Amino acid sequence: MSVQTAYNAYKQNSVTTASPGELTLMLYNGCLKFLNQSKKAIEAKQYEAKNTYIQKAQAIIAELMATLNMDLEVSKNMMPLYEYMYTRLSEANMKMDIEMITEVEGLVTEFRDTWKQVIQLNRKQQQFVSGDSV
């Protein structure tokens, strides 16, 4: 088995065995990766690649929007922020503006870091409830 085949199998297994919270974390990390790649593409004057990376980041943001439970107040507060990020990326794509991408990158990083904390707290609560931690 080649290294690439093994890595692809590992990635596929990571996704199929991840909890919903871990999947959301993967989406945030993927979005950050594409935002970083889009900035590098602008700097290298690779405009087709820039467009592709920004569209991939927007697709992730759209997926995050689609998964919000709008019965929850926190989701009602997050939706406008996601919409803002999506719109900013459209503007950044048209204007080839690295600063706009960096702005969205900062927001996604904040969401990702907060989400990491939520996952950690949830794990601690589950351990406490199951009696694993004393």
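The values are calculated or read from the model by the stated rules, or taken from the named source; none is laboratory data. Quantities reported herein were computed from a predicted structural model and do not represent experimental measurements. Cβ placement follows ideal geometry from the backbone for every residue including glycine, while neighbour counts extend to all protein chains displayed.
For the range 81-101, what are the residues that are within 22 Å of Glu48 (Cβ to Cβ), under 14 Å from the mean Cα position of the chain (by Cα) and free of Cβ contacts under 8 Å to residues at least 24 places away in the same chain?
none
Given the conditions (1) of a type in the set (D, E, K, R); (2) closer than 23 Å to Leu23 by Cα; (3) assigned to a helix (DSSP H, G or I), report the number of the one that Asp71 does not fulfil.
(3)
Of the residues that sit in the range 13-55 and are among the basic types (Lys, Arg) and in contact (Cβ under 8 Å) with a residue 24 or more places away in the chain, which one is surrounded by the fewest Cβ atoms within 10 Å (Cβ to Cβ)? So that I can check it myself, show each step before the final result.
Narrowing the range 13-55 to residues among the basic types (Lys, Arg): 33, 39-40, 45, 50.
From what's left, in contact (Cβ under 8 Å) with a residue 24 or more places away in the chain: 39, 50.
On the way: Lys39: 20, Lys50: 23.
Ranking the candidates gives Lys39 first.
Modelled with pLDDT of 95 or more and under 15 Å from Lys39 (Cβ atoms): is that true of Leu89 in this structure? It would help to see each step written out before you state the result.
Numbers: modelled with pLDDT of 95 or more: yes; under 15 Å from Lys39 (Cβ atoms): yes.
Yes: the conditions hold for Leu89.
Determine if the range 110-132 includes at least one residue that is farther than 12 Å from Leu32 by Cβ, more than 21 Å from the chain's Cα centre (by Cα) and not in a helix (DSSP H, G or I).
Yes - at least one qualifying residue is present in the range 110-132.
Do we have any residue at all in the range 58-75 that's among the charged types (D, E, K, R), under 17 Å from the mean Cα position of the chain (by Cα) and closer than 18 Å to Asn36 by Cβ?
Step one: of the range 58-75, the residues among the charged types (D, E, K, R) are 63, 71, 73.
Next, from what is left, pick out any that are under 17 Å from the mean Cα position of the chain (by Cα): 63.
Pick out the ones that are also closer than 18 Å to Asn36 by Cβ and you get none.
Checking the range 58-75: not a single residue is among the charged types (D, E, K, R), under 17 Å from the mean Cα position of the chain (by Cα) and closer than 18 Å to Asn36 by Cβ.
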